[in-house]
Structure formats: structure tokens, C-alpha cells
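Colleague: My structure is below; once you've seen it, I'll send some questions.
The values are calculated or read from the model by the stated rules, or taken from the named source; none is laboratory data. In this text the structure is predicted, and so the values were computed from the model without any measurement. We place every Cβ from the backbone using ideal geometry, glycine too, and count neighbours over all the protein chains shown.
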């Protein structure tokens with residue numbers, strides 16, 4: 001009888017430790033990449049980056065500024081994307097998805113010569129003409145690098161709200177991206193995508 005009582009108490013204790021599930025305003029939050037139900041976390045997940053990236057790209061494509069005047073492709077440089085959250089984020093999880101989506105449209109091409117994702121390859125290649133090792137017909141010529149038309153930049157922000165009863169907390173994420181035109185300096189587009197997550201304050205977000 002004593003063992004049964006202990007078992008009942010242990011079960012009740014475990015039930016009391018269970019917390020409410022975390023819900024998200026991201027409509028794809030509960031789906032994993034396999035299409036099956038997935039876990040929802042207070043932190044940013046691949047489904048959050050996927051959702052925000054696709055939504056930002058779609059909104060840009062619906063903008064009249066997505067098409068380059070006179071035709072052709074916009075040359076875009078990637079600017080700084082600031083992580084203003086309490087989590088350590090690789091912002092490339094967001095920007096890489098955006099770049100892929102934009103490039104597939106055929107309206108954009110990204111440069112590796114300038115911006116935050118600049119590579120030394122372009123500049124170093126211009127120095128090969130000074131070396132006797134390389135065939136001068138195969139080295140890059142000066143004055144051939146294409147300057148970017150646009151810069152894409154932005155930030156990911158977070159606010160944490162705790163309920164008055166200290167039982168619930170809500171994390172509000174903001175994906176904010178802008179596109180600036182080189183010649184005029186004008187901001188021709190901005191995407192603002194919020195994602196909110198609500199759950200028990202026992203499931204600490206930090």
C-alpha cells in the first residue's frame with residue numbers, strides 16, 4: 001500500500017512539472033522538414049528562418065521596384081544584418097535563403113566583390129597579372145568588376161514579455177530587412193516580418 005501511495009505521488013509530481021506547449025505565430029512552426037509534426041522552441045528555428053525569408057522575398061517581388069528599369073538583373077551586395085536578440089544566431093541562416101529565392105527569379109544576382117560577404121578572390125585575382133607563373137590571357141583584367149546596384153541589409157530583434165502572474169512569457173521576434181538603391185541612396189523596399197512565441201515561463205528562453 002505504501003509503494004502504491006509513493007507511485008501515485010510521483011506521478012502527480014511529474015504531472016505538475018509538465019508545462020504548457022510553446023505556440024508560435026509562424027504558420028509552419030509545427031512542421032519539420034519531413035512534413036511531420038516538429039518541436040516548437042522559444043528560440044529561432046530553421047522553420048522560422050524559412051518562413052521569414054520566403055515572406056520577405058515574396059513581398060519584394062510584389063514591389064514595383066523588384067524589376068530593374070530597362071530590363072536586366074539587379075546586382076545586389078549583402079550588407080550587415082544585426083542580431084539584436086539574446087541568442088547567438090548565424091544570420092546567414094536567413095540571408096542565404098533570401099539570396100537563393102531572389103536569384104532563382106532571374107531578376108537578381110549577388111556580388112562577392114563588395115559588402116559583408118566580400119571575398120578576397122576578386123581583388124587577389126587582379127594581382128596575378130604581375131606574376132610570371134600565370135598565362136596573361138587567363139588572368140582577370142582591371143576595370144571589369146561589376147559594381148552593385150542595390151544593398152540588402154537589416155536586423156533581427158527580440159522582446160521578451162512575462163505575464164503578470166509570472167506563469168507565461170512571450171517572445172516577439174522582428175525580421176526587418178531593407179533594400180537601398182546605390183545611385184539615389186533611396187530605400188526602395190522594406191520587409192517587416194514578426195514572429196511571436198508564447199509558452200510557460202518555466203521553459204526559459206535563455
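Colleague: Which of the residues belonging to the range 37-70 are in contact (Cβ under 8 Å) with a residue 40 or more places away in the chain, surrounded by 19 or more Cβ atoms within 10 Å (Cβ to Cβ) and either under 11 Å from the mean Cα position of the chain (by Cα) or part of a helix (DSSP H, G or I) (or both)?
Modeller: Once the filter is applied, which keeps residues that are in contact (Cβ under 8 Å) with a residue 40 or more places away in the chain, surrounded by 19 or more Cβ atoms within 10 Å (Cβ to Cβ) and either under 11 Å from the mean Cα position of the chain (by Cα) or part of a helix (DSSP H, G or I) (or both), the range 37-70 yields 44, 48, 49, 51, 52, 53, 56, 57, 60.
Colleague: Quick test for you: out of 104, 99, pick the one residue that is surrounded by 11 or more Cβ atoms within 10 Å (Cβ to Cβ), at pLDDT 95 or above and farther than 18 Å from residue 187 by Cα.
Modeller: Values: 104 fails: surrounded by 11 or more Cβ atoms within 10 Å (Cβ to Cβ).
From the options 104, 99, the qualifying one is 99.
Colleague: Counting just the residues of the range 129-148 that are closer than 29 Å to residue 79 by Cβ and over 33 Å from the mean Cα position of the chain (by Cα), which one comes out surrounded by the most Cβ atoms within 10 Å (Cβ to Cβ)? I'd like the intermediate steps shown before the answer.
Modeller: Taking the range 129-148 and keeping what is closer than 29 Å to residue 79 by Cβ, we get 140-148.
Within this subset, residues satisfying the condition of being over 33 Å from the mean Cα position of the chain (by Cα) are 140-143.
Details: 140: 16, 141: 10, 142: 8, 143: 6.
Restricting to residues being closer than 29 Å to residue 79 by Cβ and over 33 Å from the mean Cα position of the chain (by Cα), the top hit is 140.
Colleague: Going by what's in this entry, would residue 198 be described as over 20 Å from the mean Cα position of the chain (by Cα) and part of a strand (DSSP E or B)? Before the answer, list the steps.
Modeller: Values: over 20 Å from the mean Cα position of the chain (by Cα): yes; part of a strand (DSSP E or B): yes.
Spelling it out, residue 198 is indeed over 20 Å from the mean Cα position of the chain (by Cα) and part of a strand (DSSP E or B).
Colleague: Restricting the search to the range 181-198, which residues are in contact with a strand residue (DSSP E or B) (Cβ under 6 Å, 6 or more places away or on another chain) and surrounded by fewer than 17 Cβ atoms within 10 Å (Cβ to Cβ)?
Modeller: Keep residues of the range 181-198 that are in contact with a strand residue (DSSP E or B) (Cβ under 6 Å, 6 or more places away or on another chain), which gives 181, 187-198.
Selection gives 181, 187, 188, 190, 192, 194, 196.
Colleague: Please work out which residue is nearest to residue 75 (Cα to Cα), limiting yourself to the range 93-107 and to residues that are in contact (Cβ under 8 Å) with a residue 40 or more places away in the chain and in contact with a strand residue (DSSP E or B) (Cβ under 8 Å, 6 or more places away or on another chain).
Modeller: For the range 93-107, the residue satisfying everything is 107.
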